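To start, the structure itself, in structure tokens.
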Amino acid sequence: MAEAITEFRASVKWLRVSPQKARLVLNLIKGRRVEDALNTLTFTKKRFAAQLHKLVRSALDNANFMNTEKGVEVDVDNLYVTRAVANDGPRMKRVRPAPQGRAYRIQRRIAHIEVALGEKTPGKDVAPARPAGAEKTPRKK
């Protein structure tokens, strides 16, 4: 049988917001339940929050589509934001007039945003386990 899909993604590219400003809002919703994340985005005063709200809704709609059309069992109430990433896009170079005939260069930043939702199961831990060789050993004095 096919492997169950555990992640529902949505992404937007070429967004006119700097990735640094986008990460401020993305950090607010990482690890939260989808309902809490949408409420947080609704009342956040950053300009990017409205666009991110649409993106999280799109990922939620992808989960609903997989549930109804593809037959993948998804409990929408147990979905949470597993990953929210803002990557750099290409920069637009612009020129601004400066005193005495000079010109200053301006770089307008572009971001590629990706949001992934996962399902929290009651019997499973969300945090990844440590690798096999990463146990703590007592220090020698």
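The values are calculated or read from the model by the stated rules, or taken from the named source; none is laboratory data. All figures in this text were calculated on a predicted structure; none of them were measured in a lab. Neighbour counts are summed over all protein chains in view; Cβ atoms, including those assigned to glycine, are modelled from backbone coordinates with ideal geometry.
Does segment 15-68 hold any residues that are among the β-branched types (Val, Ile, Thr), surrounded by 15 or more Cβ atoms within 10 Å (Cβ to Cβ) and more than 13 Å from the chain's Cα centre (by Cα), and which are they?
We begin by selecting, within segment 15-68, every residue among the β-branched types (Val, Ile, Thr); these are 17, 25, 29, 34, 40, 42, 44, 56, 68.
Remaining after also requiring surrounded by 15 or more Cβ atoms within 10 Å (Cβ to Cβ): 17, 25, 29, 34, 40, 44, 56.
If the condition is that a residue be among the β-branched types (Val, Ile, Thr), surrounded by 15 or more Cβ atoms within 10 Å (Cβ to Cβ) and more than 13 Å from the chain's Cα centre (by Cα), then VAL17, THR40, THR44 are the ones that fit.
How do the pairs read when you match residues in segment 36-50 that are closer than 24 Å to ASP77 by Cβ with residues anywhere that are among the polar types (S, T, N, Q) and part of a helix (DSSP H, G or I), using Cβ under 9 Å and keeping only pairs 6 or more apart or on different chains? Cβ pairs passing all conditions: ALA49/THR40; ALA49/THR42.
Filtering segment 37-47 to residues that are in contact with a helix residue (DSSP H, G or I) (Cβ under 8 Å, 6 or more places away or on another chain) and under 16 Å from LEU60 (Cβ atoms) leaves ALA37, LEU38, THR40, LEU41, THR42. When segment 89-110 is filtered for residues that are surrounded by 10 or more Cβ atoms within 10 Å (Cβ to Cβ) and in contact with a Phe, Trp or Tyr (Cβ under 7 Å, 6 or more places away or on another chain), the ones remaining, listed by number, are GLY89, ALA98, ILE110.
Quick one: count up the residues across segment 9-27 that are in a strand (DSSP E or B) and under 9 Å from ALA111 (Cβ atoms).
Quick first cut of segment 9-27, residues in a strand (DSSP E or B) only: 9-15.
Keeping just the survivors that are under 9 Å from ALA111 (Cβ atoms) gives 12-15.
Summing the residues that are in a strand (DSSP E or B) and under 9 Å from ALA111 (Cβ atoms) in segment 9-27 gives 4.
What number of residues in segment 60-73 are closer than 17 Å to LEU38 by Cβ and modelled with pLDDT under 90? Of the residues in segment 60-73, 0 are closer than 17 Å to LEU38 by Cβ and modelled with pLDDT under 90. Could you check, for segment 80-88, whether at least one of its residues is buried (at least 16 other Cβ atoms within 10 Å of the Cβ) and free of Cβ contacts under 8 Å to residues at least 24 places away in the same chain? Checked against the condition, which is being buried (at least 16 other Cβ atoms within 10 Å of the Cβ) and free of Cβ contacts under 8 Å to residues at least 24 places away in the same chain, segment 80-88 yields no hits at all.
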